[in-house]
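Just so it is clear, none of the values below were taken in a lab; they were calculated from the coordinates. From a predicted model like this one, the values you see are computed outputs, not experimental measurements. Methodologically, a virtual Cβ is constructed for each residue, glycine included, from the backbone with ideal geometry; neighbour enumeration extends over all protein chains shown.
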Amino acid sequence: MSSRRQFIRSTAATGTLLWTSPLGIGFGQEKSSGSSSNTTRSRTATGENVVATVHPIASQAALAMFRLGGNAVDAAVAAALCLGVVDGHNSGIGGGCLILIRSSSGAVYAIDGREKAPAASSPTLYLRNGKPSVELSQTGPLAAGVPSQVAALHLAHSKLGSLSWSALFEPAIHAAQDGYVIGNATSSTIKSEFADILKFEASKSVLSSASGQPLAIGETLRQTDLANTLRQLAKAGPEWFYTGEFATRCAEYLQSIGGVMTKSDFANYKAIERTPLDSKYRKHRVLGFPTPSSGGIHIAQMLNILENFDVAQMYRESPARFFHLLAESMKLAFADRAYWLGDSDFVKVPDFLTDPDYAAKLAKKVDLEKAISVAGHGNANATDESKKHTTHLTTADAKGNWVALTSTVNTSWGSKVMVPGTGVMLNNQMDDFSIAPGVPNAFGLIGSAANAVEPNKRPLSSMSPSIVLDENGKPFLTCGAAGGPKIINATLQNIVRCLDLDESIDKAIASARVHQQWRPDLLYVESGLGGLRIPNATEKISVKEGDDSIARQLASMGHSIRPVNSIAIAQGIQATSNGLIAASDPRTDGAAMAF
Ligand code: GLY
């Protein structure tokens, strides 16, 4: 082992990495504290330059950039690239991302790296004999939108990065080349998706063991094709990806197996700078991501509803009523989401959704004693089939740059289609469109014509990178999450807990969450965290007289309770008098680190 090679042991059980750095960047343990994934405490780190991600190796990558003198944008890009290697079931360069940045100058950037539908798409793309096929929108060559993460990361770096583009790739290249020991998250998703992974030769060869079994916990995943792809990208830049060899290879392969994506789709892809949403909640300003995310709009809408109530007092007097109010706000907002939301480059998304007067009208509909029925604007039922996916990372630095970055290939391992010879797993983001009226997507979400498939359109997202400014306009809090529509509600709850209940970000993230998304009309309630006592997490509970647990009180208010083990995975940063605190969700094996 050379003197530059360092042996990395992660804070959690999920990753070891052999690391050789020509730049002499080393990974070490830096002020990271925390605990195993079975506790209710977030992992935290306090310092001037901080990061929180779902994987210690990715957090180490960010730290390495800080050590080189890089800023929060460099750190976030390096961490995102690294997550695509060590957490590839959630995100990667075959997928997309939304990046919200508050720079040290005070400027705010919303960088839209959402995939686009190929130009040959149409509203009937997923209809076969007149019937919608979610199999086609979720798995295989038609499931992928034009990959967009690379363009977004490059735009963020070209605007605000301080290190060279190629330096940001080093940790990811080494993780791919040398391999890492896989943990539960990766192995369980390989296992659960293995039948579909086997359908695609490159995916099968990378994610199977020598004996043809799904790679299991403790085995090393080496991705030499992906390492070479990352090297090319580092050297030649995004042109190689969008107008060069990668675009050609990907389009030719997809067309050979029944896809419609072309080289022109790659050439025409651009990440876009959007105008961030800027709304007020009590004394704070909440910066959110606009469409194609639905998250920013509905977080603002729900906060506007909550502003009509004394939430803090309600929580002190009756936590059940607090959760009830949250649930009713969620239900009202998600009913609007299903009807009004879509890519605003294609449809008019009404401004009234974030208007406090509209929220005041919605607030009047809330009955603090019992759950209301919300008819919505269409009529459809849906089931929740959601699984874990997507990832949120966050960085902040001593200069005052703050980054909230949510990235995804959509459901685990995306379309399951890996482009041969590249190691790049393509997303299945096309399933985030409404493939036909009333047909639920993988998260049980339904949509209207506003989110129908159209050529070059971006599918609606729930990703909700958010930054909160204090009364003086200084960054105070950032948070975001993974978990499909649960992202929106987890982010809402973290903001409310910090702003209304005066909780620290680590406590807020570790607290129990609820989730309501209008259809299905269920209240998902977390068990096992934060004191929502639910006897059996796998069954619906019934109300018993004399039982005063929060969940039972909610049931007695008319909510149809669905206990679940976890709702979303969140990361966040908060400014305190002791410095910046980064917190990583205890629901998974992430890491918060500081330098
Ligand atoms: N693919 C999940 C989302 O963007 O909401």
(message) Would you report the distance distribution of C-alpha pairs in segment 316-375 as whole percents per 10 angstrom bin, up to the bin with the largest distance?
(response) 20, 46, 25, 8, 1
(message) How large is log10 of I(q)/I(0) for segment 375-498 at q = 0.17, 0.22 Å⁻¹ when the intensity is taken from the Debye formula with one equal scatterer per alpha-carbon?
(response) -0.97, -1.25
(request) Give a residue-ordered list of calculated ³J(HN,Hα) values for segment 53-60 (Karplus: 6.51 cos²θ - 1.76 cosθ + 1.60, θ = phi - 60°; whole Hz; x for Gly, Pro). (result) 9, 8, 9, x, 5, 6, 5, 5
(request) State the answer as a single residue: which of ILE99, SER133, VAL181 lies farthest towards the positive end of the charge dipole of segment 77-194, with beta carbon charges of +1 for Lys and Arg and -1 for Asp and Glu, about the Cα centre. (result) SER133
(request) Give a residue-ordered list of calculated ³J(HN,Hα) values for segment 312-321 (Karplus: 6.51 cos²θ - 1.76 cosθ + 1.60, θ = phi - 60°; whole Hz; x for Gly, Pro). (result) 5, 5, 4, 5, 5, 7, 7, x, 4, 5
(request) Report, largest value first, the span of the C-alpha coordinates of segment 264-412 along each principal axis, in whole Å. (result) 55, 46, 32
(request) Filter the cross-link list LYS116/LYS199; LYS191/LYS507; LYS131/LYS199; LYS364/LYS457; LYS280/LYS364 down to pairs whose alpha-carbon distance in this structure exceeds 27 Å. (result) LYS191/LYS507; LYS364/LYS457
(request) Using amide H atoms built 1.01 Å from N in the peptide plane, name the residues 5+ places from TYR281, or on other chains, whose amide H lies under 5 Å from its own. (result) VAL286
(message) Could you order the peptides 264-274, 129-139, 210-220 from most to least packed, using the average number of other C-beta atoms within 10 Å per residue?
(response) 264-274, 129-139, 210-220
(message) Under 5 Å between amide hydrogens, which residues at least 5 positions from LYS116 or on another chain qualify, with H placed 1.01 Å from N in the peptide plane?
(response) VAL146
(message) What whole-number volume per residue, in cubic angstrom, does the convex hull of the C-alpha atoms of the chain give?
(response) 133
(request) Using the Cα centre as the reference, give the magnitude of the dipole from point charges on the C-beta atoms of the chain (Lys, Arg: +1; Asp, Glu: -1; all else neutral), rounded to the nearest 20 debye. (result) 360
